[in-house]
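Undergrad: Dropping a structure here in structure tokens format, bear with me for questions.
The values are calculated or read from the model by the stated rules, or taken from the named source; none is laboratory data. Note that the structure is a prediction, hence the values are computed from the model and not measured. For neighbour counting, all protein chains shown are included, and Cβ atoms are generated from backbone atoms with ideal geometry for every residue, glycine included. Heads up: the accessible areas ignore ligands, DNA and RNA and are worked out on the full protein's heavy atoms, side chains in. Shrake-Rupley method; radii C 1.70, N 1.55, O 1.52, S 1.80 Å.
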Amino acid sequence: MSPIVRKKSEHFTLPSRTLLFILSALCTGLIIITFRTDVLDLPMNTFVGSLITPLQRGISRVGSGLISISSRLEEIRALEEENALLRQEVEELTAAYASLEQDKYELTRLRELYKLDSQYTDYTKLGARIIAKDTGNWYHAFNIDKGADEGLAVDMNILAGNGLVGRIVDVGPDWAKVQTIIADNSSVSGMVLSTQDNLIVTGDLETYANGVITFSKLVDGADHVRIGDKVVTSNISDKYLPGILIGYIASIEEDSNHLT
């Protein structure tokens, strides 16, 4: 048997000039048809619309999203600036409030000093501040910021509020040490203002925790002294000026000897 040989197929080819002429004629025909009639308007519009509309919708959504993000960023930036301003205002108001509180305290203290000054007009007074105190919860001894340079001397009396605090026991050029009447080793010659009866007021840090100190040697045979009577420094004290308020009678007990 002889071998079979398949014949190679022949491909159809079109000359380029002919193809160019056909395409030119087709374009010219379409131009004429489009210009003369509206046959192709609806299909073309539909085709173009089907391509462009989704693209426009997507672009619109992206644009809206970007605008929304931009607006949120602007709001966040505005809130951060507002918060910074508010924090600054809070700090300024806090500082102003602290200053007002300090001024209020200072005004109250000055009013008390003015009241004290007007209460004891017979005595020359000098204002001072506490700069140190001994250990413990109570001010049984402390230092003030005035001393010999301002004319202070040992045994000068110290007042505060509306009454007696203590006396100076040591003095330096610009400081002085004060022993108060609540100290255990302190004693003051006092007098019941309503009856003129003398007594001795003694410091007691244990009883002072309850807001009181003790007195003794009160001779009151007629039983005239009453709870609430004022006790002031007496005229016979060698270390304290007379008539300075010490406190008020809180309780009365008879001594074991039944004499005072």
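Undergrad: Could you pull out the residue among 126, 116 that is in contact with a Leu (Cβ under 8 Å, 6 or more places away or on another chain), closer than 25 Å to residue 143 by Cα and at pLDDT 80 or above?
TA: Being in contact with a Leu (Cβ under 8 Å, 6 or more places away or on another chain), closer than 25 Å to residue 143 by Cα and at pLDDT 80 or above holds for just one of 126, 116, which is 126.
Undergrad: With over 20 Å from residue 155 (Cα atoms) and either touching a helix residue (DSSP H, G or I) at 6+ places or on another chain (Cβ under 9 Å) or in contact (Cβ under 8 Å) with a residue 40 or more places away in the chain (or both) as the only criterion, which of 249, 227 stands out?
TA: 249
Undergrad: Quick one: in the range 228-242, which of the residues that are at pLDDT 90 or above and not charged (D, E, K, R) is farthest from the chain's Cα centre (by Cα)?
TA: 234
Undergrad: Given the criterion touching a His at 6+ places or on another chain (Cβ under 6 Å), of a type in the set (Val, Ile, Thr), under 26 Å from residue 259 (Cα atoms) and open to solvent by less than 50 Å² (accessible area, probe 1.4 Å), identify the matching residue among 195, 207, 180.
TA: 195
Undergrad: Hey, another quick one. Only one of (1) touching a helix residue (DSSP H, G or I) at 6+ places or on another chain (Cβ under 8 Å); (2) at negative phi is not met by residue 161, so which one is it?
TA: Answer for residue 161: the failing condition is (2).
Undergrad: Also, quick follow-up: Does the range 147-162 hold any residues that are touching a residue at least 40 places away in the same chain (Cβ under 8 Å) and either of a type in the set (D, E, K, R) or surrounded by fewer than 19 Cβ atoms within 10 Å (Cβ to Cβ) (or both), and which are they?
TA: Within the range 147-162, 155, 160, 161, 162 qualify.
Undergrad: Further question on the same structure: Among the candidates 182, 144, which residue alone is within 30 Å of residue 217 (Cα to Cα) and free of Cβ contacts under 8 Å to residues at least 60 places away in the same chain?
TA: 182
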